[in-house]
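**Q** Sharing a structure here in structure tokens format.
The values are calculated or read from the model by the stated rules, or taken from the named source; none is laboratory data. What you are looking at is a predicted structure, and each value in this text was computed from that prediction instead of being measured. All Cβ positions, glycine included, derive from the backbone under ideal geometry; neighbour counts span all protein chains shown. Each accessible area value is taken on the protein alone, full model and side chains, heavy atoms only, with ligands, DNA and RNA left out. Shrake-Rupley method; radii C 1.70, N 1.55, O 1.52, S 1.80 Å.
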Amino acid sequence: MESESILQFLENKTLLVTGSTGLLGKALVEKILRVQPNVKKLYLLLRASDSNSANQRMHSEVLGKEVFRVLRQTRGNDFESFISEKLVAVDGDVSYENLGIKDFNLREQMWKDLDFIVNSAATTNFYERYDVSLATNTSGVLNVLNFAKKCVELKLLLHVSTAYVCGEKEGLILEKAFHMGETLKKTCSKLDFDMEKKLVVEKLNKLQTEGAAEATITRTMRDFGMERAKLFGWPNTYVFSKAMGEMCLLEQSKDNLPVVIIRPTMITSTYKEPFPGWIEGLRTIDSVIVGYGKGAVTCFVTNPKLIFDLIPVDLVINAIIMAIVVNGNQLSNNIIYHIGSSLRNPVNVSQIHAFLFKYFTKHPLTRKNGELIKVDKATLFNNMTTFQVYMAFRYRLPLKMLQLVNIASFQYFGEVYKVYKRKLKTVMRLVNLYRPYLLSKGTFDDINSEELRLKAQESCSEVDMLNFDPKCIDWEDYIINTHIPGLQKYVIN
């Protein structure tokens, strides 16, 4: 397969992309349009009240973003006409049957024309309401699969999951499928998706019957999701609902429809394309980076030798496209790809800490009053016990004393008290949120992904076009000269 034929494979093809307003979704749309402008059509499913609203969302939340800058410059005055020819904004929602597409004629056209479906729709909030998380991350996957089964020409369904469906497993984590009922810890309860849906309905009905306020319902459903996740061994609602999504997908997929599951690790800013450093929102590690740069995070619970499995978003996109090309032209068994770096190009916490200290020492952030923020090397703890003891003596006790002094002095130390309280709250929120990842001792096997990489190297004269080999990354150079500057430009500022 020559480099040309990879591009030709997508020529005149029609794809449906869900989750196109998300980081991966819009990056995928941009890449396909840039490298294969002769793609026939891209349908983008967007939550909206009607087609006009969907079109507005597509232009403001997808095409209006900085990631499309290179494509806009390349197409010039032709950009808008090119977009109107290639993209179709579809009002719908994966949490509904037929993806919530009300236009019968449009549904029929899509069932007739679609060659590939890429499902990247998800709610990534770790502590999302259980009903919301199940609707998108689990039921949504089934709805996409059922829609796919009605497509007469469909060659492949690619589902974007997460490597952290493994929970808190240690050692080498294989590219292995989950089966319905499988749990991560022994329990007397059986994991069954239909039962989970039933429990959610019962819980909501009870709350509504009691006349609970919306805030109470939200808090209760969030807690319920965490309770169910931990019962079966998952650390939070997000990865639990994503794991069940995989279970449902593989259990109900049909033999003549190849299914590919992509499991990325912690996604970071673009390494190279369409330009280095592009990112949206604070991803997993980025909240810690920003907190450290702002002087709010001075200590953390994590093992300095622990491997952080990071992967730039453009490498994930290249893997997705290559997986479509390799698996989309043949009837094959379902396959799972881990897309990460922990096995082939690991970077540990101690190294990242050194990179952050080096960067923010040389390029300090500023407070609102213009004052430069000085950072010190953070104190790292191997376990929660020593961390909690440290926090008690270093922050909680002094904070309590400062509170009493502040009251006695008629709020004289009010601003100091607020600063310390904010620091404590920031650190504890981040620790509670990311503890499963910051203390994880797992390494993600990538045998399937390596085979995919080898096929890309054998078949591409321009390997860079679909490069997703993490060995190409110099982590110090990337973190200091690409990722943190990207965070400052596209997120912090």
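**Q** Mind listing whichever residues of the stretch 214-234 are open to solvent by less than 10 Å² (accessible area, probe 1.4 Å), closer than 21 Å to ILE173 by Cα and in contact (Cβ under 8 Å) with a residue 40 or more places away in the chain?
**A** PHE232, TRP234
**Q** Could I ask something else about it? Mind checking whether some residue in the stretch 302-322 is touching a Gly at 6+ places or on another chain (Cβ under 9 Å), open to solvent by 10 Å² or more (accessible area, probe 1.4 Å) and closer than 26 Å to LYS169 by Cα?
**A** Checked the stretch 302-322: at least one residue is touching a Gly at 6+ places or on another chain (Cβ under 9 Å), open to solvent by 10 Å² or more (accessible area, probe 1.4 Å) and closer than 26 Å to LYS169 by Cα.
**Q** What residue, among those in the stretch 106-142 that are among the charged types (D, E, K, R) and open to solvent by 20 Å² or more (accessible area, probe 1.4 Å), is nearest to GLU280 (Cα to Cα)?
**A** In this case the residue turns out to be GLU128.
**Q** Could you look through the stretch 360-412, keep only residues that are modelled with pLDDT under 70 and outside any helix (DSSP H, G or I), and pick out the one that is least open to solvent (accessible area, probe 1.4 Å)?
**A** SER409
**Q** Which residue is surrounded by the most Cβ atoms within 10 Å (Cβ to Cβ), if the candidates are limited to the stretch 266-293 and must be under 18 Å from the mean Cα position of the chain (by Cα) and among the small types (Gly, Ala, Ser)?
**A** Across the stretch 266-293, the extreme among qualifying residues is SER269.
**Q** Additional query: Starting from residues that are assigned to a helix (DSSP H, G or I) and touching a residue at least 60 places away in the same chain (Cβ under 8 Å), keep the ones in the stretch 89-135 and report whichever is farthest from ARG219 (Cα to Cα).
**A** ASP113
**Q** What residue, of LEU33, LEU24, is surrounded by fewer than 22 Cβ atoms within 10 Å (Cβ to Cβ), in a helix (DSSP H, G or I), free of Cβ contacts under 8 Å to residues at least 60 places away in the same chain and in contact with a helix residue (DSSP H, G or I) (Cβ under 8 Å, 6 or more places away or on another chain)?
**A** The unique qualifying residue is LEU33.
**Q** Can you pull out the residues in the stretch 46-81 that are more than 13 Å from LYS26 (Cβ to Cβ), in contact (Cβ under 8 Å) with a residue 40 or more places away in the chain and not β-branched (Val, Ile, Thr)?
**A** Residues satisfying the conditions are ARG47, ALA48, SER49, ASP50, SER51.
**Q** Next up: Being in a helix (DSSP H, G or I) and of a type in the set (Ser, Thr, Tyr) is the filter; apply it to the stretch 325-359 and report the residue that is surrounded by the fewest Cβ atoms within 10 Å (Cβ to Cβ).
**A** Checking each candidate, the answer is SER350.
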